[in-house]
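Written below as structure tokens is the structure these notes are about.
Each reported figure results from applying straightforward, stated rules to the coordinates on display, with no laboratory input. Keep in mind that this is a model prediction, so the values were computed, not measured. Every residue, glycine among them, receives a Cβ derived from its backbone with ideal geometry; neighbour counts consider all protein chains shown.
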Amino acid sequence: MPEFSILTVMLTAPLAGALLILGLPRERTGAIRWTALGFSLISLGLAPWALARFDLSRPGPQLVERWTWAPAIGASCVVGVDGISLWLVLLTTLIFPLALAASWTIEERVKEYMALMLALETAVLGVFLALDLLLFYIFWEFTLVPMTLLIGIWGGPRRVYAAVKFFLYTMAGSVFMLVAIVALWLLSRPLTGTGTFDLQWMAAQLSPLLSLEVQRWLFLAFGLAFAIKVPMWPFHSWLPDAHVEAPTAGSVILAALLLKMGAYGFVRWNFALFPDAARDFALPIAILAVVAILYGALASYAQEDFKRLVAFSSVSHMGFVMLGLSALNSLGIQAALLQMVNHGLSTGGLFLLVGMLYDRTHTRDFRELGGLWKTLPLYGGVLMVVGFSSMGLPGLNGFVGEFLILLGAFGSTALGTAARGLTALAAFGVALAAVYILTMILRVLHGPLPERWRGLPDLTRRELAIMAPILVLIVFIGLYPQPFFAAMQASVQQTVAALSEAALSMR
Amino acid sequence: MVWTPLWPTIVLTAGALGLLLLEAFRRPGSAQGMAWGALGITGLGLGATLALAGEGPVEGFYRMVVWDRLAFWFSLAVLLGTGMAILLSRHYLVDHGLERGEYYAFLLLASAGMLLMAVAGDLLIVFLALEWLSFPLYVLTGFARPRVESEEAALKYFLLGAFASAFLVFGIALIFAGTGLTNLRDLAEWLERPDPAARTLVWMGGALLLVALGFKAAAVPFHLWTPDVYEGAPTPVTGFMAAATKTAAVAALARVLLTGLAPATALWAGPLALMAAATMLVGNGVALVQSDFKRMMAYSSIAHAGYLLLGLLGEPSLALPGLVFYLLAYAFATLGAFAVAVSMAGPEGEDHSFEAYAGVARRAPGMGAAMAVFMLSLIGVPPTAGFFAKLLLFAAAWEAGWTALVLIGVITTVISAYFYLRVVVAMWMGRPEPLRLPVRYPWVRASVVISGMGTLLLGFLWFLLGGVTL
């Protein structure tokens, strides 16, 4: 009996849902919403099953499924998970149902909205699951389309500007990746006849043949696309606009998942295919990461708008992730991967909370908010916990990630003599995070309560149900991160081994 | 004598003449039958082409024409464009008071000329086909008489087109003077061991050919007629010109450069590369500032001519399938976009400014979604056909060492995203004042559906079928 294709079903269920929704009559908004949620729950339901079948001790891709669809150019549909992508895949399947549930308040063009959200879920899952370069690129680029439309149609006042900026900025990066993919494919042609886009083949066969010069160029071409997506400083300027103008669910997905695609891309493609160049570029990446940490934190502190504050905090947090990756050691990369999940939970959660507040007050301006703990005690409590997670309070998930990233960077040989200085500066960023998060809490929850917010209703059961899984995971990862690391370990160590072998072969 | 390569041309020509004859004896009144007839004849042409799919390569008619895989695919693209143009025309002509039966006859005649171009094996056939396809197009451009833009466009097109033809004839004459040859394969043989005395004449002739064919393909710097003609011509004709004429021009370039002048690649590759670069840059750059959909599409058509030129420069085993694929993808997306434009130009007249499209997707989400798909394909966003098309051509050009051209190609692709997105933005995010609604023309909707399916599935089907080797 053929084995059940968990990953393919997980990947295509949302898309099937999107097509189904297109066939539903547009007046039946209730049915459309439930269909959307239902199909995203199929993917979520498959997640524990995939996890159960995942062998923790084995490196490399597992649950691999492969369909050849273009033998003439050697392109296949190859999907699989390894320790690097596992948690991001699971995070995706979790975040989307939450985002859909948070979109219950969308009344305008529900049908298009839900169809686009589901199409986006397939695209994001595809990015994390694809083990074939062409397939990866197709999903990568396709995430742009639904996201741009979500921002542009359901966004805030400057939505069109933000949507177009988002599209152009991201595309400007990814076309160079396309050129690099073409170049890699052409290099693989003499070796295989038809050429191939297969990750494992490229990492094993093609990558060792590339000269350092070629690796550097290809690293930069891939890296630019990923750096814009992360976004690394100075490529971040699309982010505040896109985040602020996007509808709540859009911001959540953007922060929790789309940014991760950039950082994930570095590990999955740049580190695996261009290990020599990766060592060369580790230090520049680390320096930009530290700049992002400090700049993001300071900019965050300077905001008067709740959502912009959270948006800039993302720049800072993703700086930590990139610092961990640039350490190029097992500790740093594992911590960075965990921190991606943490950031997805905490920043995703914060964007949800911003949206919930905005639904009640229709403002996000700190100068008009304040004292809300009195009327919204539940909301206040949840905001505190998620805020503390984002701040890196010990006992919650953010602390584990950031602390280990700093530890990894401190002991990094790839960063050489600069490692300690950079780590110290980054540690200063942790303190700054406390400043802007506590300021945010202060300005939203404390102080005098303006008269007009006196009768605001507290969190509804639907909203609590959305926040509950996030809160549970924030605490769980904070107290017991071991299982998360256990699943990553084998794959990350393999990557790191390849990276250091590359360094040895150079000498 | 081998007639094989000429069958599609013969079918369309005979059909067109038959329609003209019928038109002369037709009772006054609706010309709906003509549209059906034209569609049927296109179908017959398609049948003839498909029946010949496995044939060749074979030369025929005193070696003047050739039937090979390239001819097959070019013919297919031309017939696709023709069929879609007929679908777009029927209701449009009625609503704009242009319903005259000879319209379809001219359309088929132009198409027959393009089919002849696809099989050209001799410079004389190139010239004949060029004139054959051009004259009906001049008439069709001015078909919206007495609308002054239409007449102006026709006159401009005719005068400049006549110039281009003169260049072509002169070029052929110079080559003939130098070599005594007009057959493309003989010419290639001659070029293997060129007679030094006659070489200059042949080079000059070749340069003139490049100018004339560049004009038809709307390549910079011979593109200046394009925006006015595209804007002035009846919208279905514009779509036909953008898709089918482009195919014919590319076919001509492919025949002349890759067969006739192939041994002299080193000489024409440089100028052609410059043309490609200029075409991509100017086409996309100027399209940025357009505020009218049809004019934007004119510059888009120029820009895509630039990408297509990459297909002539690239490594042939990749470039030729890429070229064919690109033409099909471009035809689907462009004709689809013009189909949406036709349904936006209801009986109240043609206004194709972006404001006129504002908010349309609110009431007509199907049309809005289709337009978004076509625009994304023209940008080259996966998984639409436009993405695979660009992928193939960029790969071919990169393999042949045209690194700078590929970089220009991808950078201009990003630029193009801006103006194609403007259409999507207007339709999906615009606030209409007052809201115009697309007219529900059944034939136009059919063509939107066909183009949409083509744009979405072409890439997957193409590779699923094992790609195409030429």
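Brief remarks on what is shown
- Environment charge of residue A:75, counting only residues whose C-beta is closer than 10 Å and scoring Lys/Arg +1, Asp/Glu -1: -2
- Put the Cα centre of segment A:360-397 next to the Cα centre of segment B:320-396 and the gap is 46 Å.
- In order through segment A:309-323: 3J(HN,Hα) via Karplus (6.51 cos²θ - 1.76 cosθ + 1.60), integer Hz, x for Gly, Pro: 4, 5, 4, 5, 4, 4, 4, 5, 5, 5, x, 4, 4, 5, 4
- From least to most packed, judged by other beta carbons within 10 angstrom and beginning with the fewest, A:235, A:4 follow the order A:4, A:235.
- Listed by chain and number, the aspartates and glutamates placed with their C-alpha closer than 20 angstrom to that of residue B:294 are B:95, B:149, B:151, B:152, B:228, B:231, B:348, B:350, B:351, B:355; residues fewer than eight positions away on the same chain are left out.
- Centre-to-centre, using Cα atoms only, segment B:1-57 and segment A:428-457 are separated by 75 Å.
- The label-point distance for residue A:424 and residue A:108, in a model that sets each label 7 Å from Cα toward Cβ, rounds to 5.2 nm.
- If you count Lys pairs in segment A:6-506 whose Cα atoms are under 22 Å apart, skipping same-chain pairs closer than 8 places in sequence, the total is 7.
- Average projected area [Cα convex hull, segment B:4-464], square nanometres: 20.0
- Neighbourhood charge, 15 Å Cβ-Cβ cut-off, centred on residue A:469 and excluding it, Lys, Arg +1 and Asp, Glu -1: +1
- Computed from backbone phi with θ = phi - 60° and the Karplus coefficients 6.51, -1.76 and 1.60, the 3J(HN,Hα) list for segment B:31-42 is 9, 4, x, 4, 4, 4, x, 4, 4, x, 5, 4 Hz; x is used for glycine and proline.
- When shorter helices are ignored and each DSSP H run of at least 4 residues is given -39500 (n - 2.57), the per-residue value for chain B at 222 nm works out to -24500 deg cm²/dmol.
- For the protein assembly as shown, size of Cβ-based charge dipole, Lys and Arg +1, Asp and Glu -1, in debye: 1420
- Difference of contour (0.36 nm per residue) and Cα-Cα distance, residue A:417 to residue A:53: 126.8 nm
- Rounded FRET efficiency, nearest 0.05, which uses the C-beta distance separating residue B:192 from residue B:94 and R0 of 51 Å: 0.35
- Separation in nanometres of the label points that stand 7 Å from Cα toward Cβ, at residue B:317 and residue B:289: 4.6
- In order along segment A:248-265, the Karplus-derived 3J(HN,Hα) couplings, from 6.51 cos²θ - 1.76 cosθ + 1.60 at θ = phi - 60°, round to 3, 4, x, 4, 4, 5, 4, 6, 6, 10, 5, 5, 5, 4, x, 5, 4, x Hz, and Gly and Pro are given as x.
- Test item: Cα-centred dipole of chain A, Lys/Arg +1 and Asp/Glu -1 on Cβ, debye: 560
- In plain terms, the chain from residue A:211 to residue A:237 could stretch by 6.0 nm, reckoned as 0.36 nm per residue minus the Cα-Cα distance.
- Computed [θ] at 222 nm, deg cm²/dmol, chain A (DSSP H ≥ 4; -39,500 (n - 2.57); rounded to nearest 500): -24000 deg cm²/dmol
- Applying 1/(1 + (r/R0)^6) with r as the Cβ-Cβ distance of residue A:16 and residue B:62 and R0 = 41 angstrom yields a FRET efficiency of 0.10.
- Most positive-pole-ward Cα, B:150, B:4, B:160, against dipole of chain B from beta carbon charges: B:150
- Cβ-derived FRET efficiency at R0 51 Å, residue A:500 paired with residue A:365, nearest 0.05: 0.50
- The Cα center of segment B:198-262 and the Cα center of segment A:78-147 differ in position by 44 Å.
- Ranking of A:307, B:390, A:260 by count of other Cβ atoms within 10 Å, fewest first: A:307, A:260, B:390
- Contour excess over end-to-end distance, with Cα ends at residue B:411 and residue B:163 and 0.36 nm allotted per residue: 85.9 nm
- Scanning residues 5 or more positions from residue A:75 or on other chains, those with amide H under 5 Å from its amide H are A:70, with H placed 1.01 Å from N in the peptide plane.
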